[in-house]
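Report on the structure given below.
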Amino acid sequence: MKFFKRRQYRLQHKKHKYIQRWSHFALTSELVDKVSLKFSPNYSKLQFELENAVKRWQRLEGEDHFATKEPRPQRVEPNGEISPDDLMVEKLPKYCSLRIDDLDVYTRINGYEEKCLRAAEKFINRSKWASMSHRFEIYTKA
């Protein structure tokens, strides 16, 4: 999924910027100790999110054949017969490689981004019509 690949790139960029910011503020040894108290937990959380994004992307990278018409593979016994468990394999539902936690991560991140952008979009929409806001006052004065 492209979402988790983009997320991986964003987290890598954020990690790089975070390390640069830390190195800028930690110029002396006593500042390193003070800054590292705040830096370490945040960095470990960022690293954990990055590792999860990489794992999700690697798991979802391949084709899961969910939407294809290809027949499913069947186990064949050594004597050449198809395993009794696999005789009805075509009637079983196909499973997608997406998991519920993938969808949770996707909705959590998209919801947060929408929440952050809502105020900016509201401002842009209001400023678009700012020139028209006093149009009725012009007619009453004339």
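We did not get these values from a lab; they are worked out from the coordinates using the rules stated. All values reported here derive from a predicted model rather than from experimental measurement. Every residue, glycine as well, gets a Cβ built from its backbone with ideal geometry; the counts of neighbours run over all protein chains shown.
The ranking of Ser127, Ser97 by Cβ neighbour count inside 10 Å, starting from the fewest, reads Ser127, Ser97.
Residues Tyr43, Tyr112, arranged from fewest to most other Cβ atoms within 10 angstrom of their Cβ, appear as Tyr112, Tyr43.
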